[in-house]
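Asker: Take this structure, written in structure tokens, and hold onto it; I'll ask about it next.
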Amino acid sequence: MSAAQKKKVVIVGGGFVGLQIAMKLESKFEVVLIEKRQTFFHCVGSMRSMVEPEFATQCFLTYDKVLKKSTIIHSYATEVHPDRVVLDNGDQVTFDYLVIATGSYNLSPFKAPRDTSNIIQYYRSIRDKINQATKILVVGGGAVGVELAGEIGTDFKGKNVTLINRGDRLVSQKVNDKFSKTVADKLKKLKVNIMFNTSIDIPNEVTEAKNQESYFQFPEVEMKTYHTSQGDVEADLVFWTTGNKLNNEMLRGFPLDGQGQVRVNESFQVDGFPNVFAAGDICNTSELKTLVNAKKHIPLVASNIEALSKQKKLATYKPEEGVMIGVSIGRKDGAGLMPNGMMLPSFVIKMLKSKNMMAPTTQSLLNKSFANIGQ
């Protein structure tokens, strides 16, 4: 099929999901990937980079090294409509099929900022502040907070680290008690203090930084008092890992659920828009938002776009019962949970994730080695 005859697929979002869907489709469709950042960031490696800054060199890859036939537009999508995408410079991109893979955002350093030119020095500055600090507070007991507390506890033995969790289970309310207790026990062995069922007043500047998708400029190490539901807590360095913010501002014309996720059917088509698909964190599949689950969306969305273009029946997706997740706790430990509720041996998680934060796995999936940038 000539280029002129190929149907056009526009993908908004060049994270793990959007990039791999583009890879699968670019030989059969005219693919346009819209992504505001210049480089792909393997965000699973961010916590390791905070204690080992040079590890960040394994976490970045330029898009043109992966996509050979696609058009890559580095721009913000300010509006997404059923027939076109409006960019921040006013340009409009039309399509036959659209994939919404805008994902979610958390404060840098847990997700990469738009400018990564000095990223290694940024991580070095964080490591230096961890080294200087005497009392460290990690706010948020999800997977990111747990893994960060584990990294600090492993590499900075003896540091006073407190993890504040709003709920009564670590990682997710969807995991079972045994998994949460196992994770908590492993952190306690690293001398991490855990405060369950505790809320904290979040400063305005933290919320503003997240809304602007910017670096959080860590202040100088200085002892301050923070107000929690369990009393005041002192810390001279705080990491805010209070959950992800969905990138949905440009999706006002599409059906969203109460959490702001795009409503999709079992084939990942957006409700009411058969030529528009959504995948990854942004869609409202009833499952824990993990990399493991997001990977399952990729081949199904790609094959369904091809099937739709040929007027064939689309495949359907059924989220797996239960939760499958693995969290690293430093380089040498971790905890894993299977959908049937069984625990995975820690050596399995160490081998699959903790040792190298899955960087080689992602490199293999993208068929490339990561580039050394920002040093």
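The values are calculated or read from the model by the stated rules, or taken from the named source; none is laboratory data. Remember, it's a predicted structure, so these values are computed and weren't measured experimentally. Heads up, the Cβs are rebuilt from the backbone with ideal geometry, glycines too, and the neighbour counts pull from every protein chain shown.
Asker: Can you go through GLU249, GLU147, GLU208 and tell me which one is under 29 Å from CYS283 (Cα atoms), within 20 Å of the chain's Cα centre (by Cα) and outside the structural domain of SER346 (by TED's automatic domain parsing)? Let's see the steps before the verdict.
Answerer: Details: GLU147 fails: outside the structural domain of SER346 (by TED's automatic domain parsing); GLU208 fails: outside the structural domain of SER346 (by TED's automatic domain parsing).
Sole residue among the options that is under 29 Å from CYS283 (Cα atoms), within 20 Å of the chain's Cα centre (by Cα) and outside the structural domain of SER346 (by TED's automatic domain parsing): GLU249.
Asker: Considering only residues that are out of contact with any strand residue (DSSP E or B) (no Cβ under 8 Å at 6 or more places or on another chain), at pLDDT below 95 and surrounded by 12 or more Cβ atoms within 10 Å (Cβ to Cβ), which ones fall in the range 191-204? First the steps, then the outcome.
Answerer: Of the range 191-204, the ones out of contact with any strand residue (DSSP E or B) (no Cβ under 8 Å at 6 or more places or on another chain) are 196-197, 203-204.
If we keep only those that are at pLDDT below 95 as well, we get 203-204.
Once the filter is applied, which keeps residues that are out of contact with any strand residue (DSSP E or B) (no Cβ under 8 Å at 6 or more places or on another chain), at pLDDT below 95 and surrounded by 12 or more Cβ atoms within 10 Å (Cβ to Cβ), the range 191-204 yields only PRO203.
Asker: Scan the range 3-28 residue by residue and report those that are hydrophobic (A, V, I, L, M, F, W, C) and either within 15 Å of PRO299 (Cβ to Cβ) or crowded, with 24+ Cβ neighbours inside 10 Å (or both).
Answerer: Hits for the range 3-28 are VAL9, VAL10, ILE11, VAL12, PHE16, VAL17, LEU19, ILE21, ALA22, MET23, LEU25.
Asker: Moving on to the next point. Sort out for me the strands (runs of 3 or more DSSP E) sitting completely within the range 29-108 that have 2 or more residues that are in contact with a Ser or Thr (Cβ under 6 Å, 6 or more places away or on another chain).
Answerer: Passing ranges, in order: 30-34, 60-62, 84-87.
Yes/no per residue for (1) in the same structural domain as ARG124 (by TED's automatic domain parsing); (2) basic (Lys, Arg); (3) farther than 30 Å from ALA143 by Cα; (4) surrounded by fewer than 22 Cβ atoms within 10 Å (Cβ to Cβ):
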residue	(1), (2), (3), (4)
LEU33	no, no, no, no
THR62	no, no, no, yes
LYS69	no, yes, yes, yes
ILE73	no, no, yes, yes
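Asker: While we're here: Just to be sure before I move on: is ASP177 over 18 Å from ILE152 (Cα atoms) and either in contact with a helix residue (DSSP H, G or I) (Cβ under 7 Å, 6 or more places away or on another chain) or among the charged types (D, E, K, R) (or both) in the structure I sent?
Answerer: Spelling it out, ASP177 is indeed over 18 Å from ILE152 (Cα atoms) and either in contact with a helix residue (DSSP H, G or I) (Cβ under 7 Å, 6 or more places away or on another chain) or among the charged types (D, E, K, R) (or both).
Asker: Then there is this: In this structure, is GLY150 closer than 29 Å to GLY260 by Cα, in contact with a strand residue (DSSP E or B) (Cβ under 9 Å, 6 or more places away or on another chain) and not β-branched (Val, Ile, Thr)? Before the answer, list the steps.
Answerer: Values: closer than 29 Å to GLY260 by Cα: no; in contact with a strand residue (DSSP E or B) (Cβ under 9 Å, 6 or more places away or on another chain): yes; not β-branched (Val, Ile, Thr): yes.
Considered against the rule, which asks whether it is closer than 29 Å to GLY260 by Cα, in contact with a strand residue (DSSP E or B) (Cβ under 9 Å, 6 or more places away or on another chain) and not β-branched (Val, Ile, Thr), GLY150 comes out as no.
Asker: Which residue pairs have Cβ atoms closer than 7 Å, lie 6 or more positions apart in sequence or on different chains, and pair a first residue in the range 152-174 that is farther than 16 Å from ASP185 by Cα and in contact (Cβ under 8 Å) with a residue 24 or more places away in the chain with a second residue that is surrounded by fewer than 23 Cβ atoms within 10 Å (Cβ to Cβ) and among the hydroxyl-bearing types (Ser, Thr, Tyr)?
Answerer: ASN160/THR134; ARG166/THR198; ARG166/SER199
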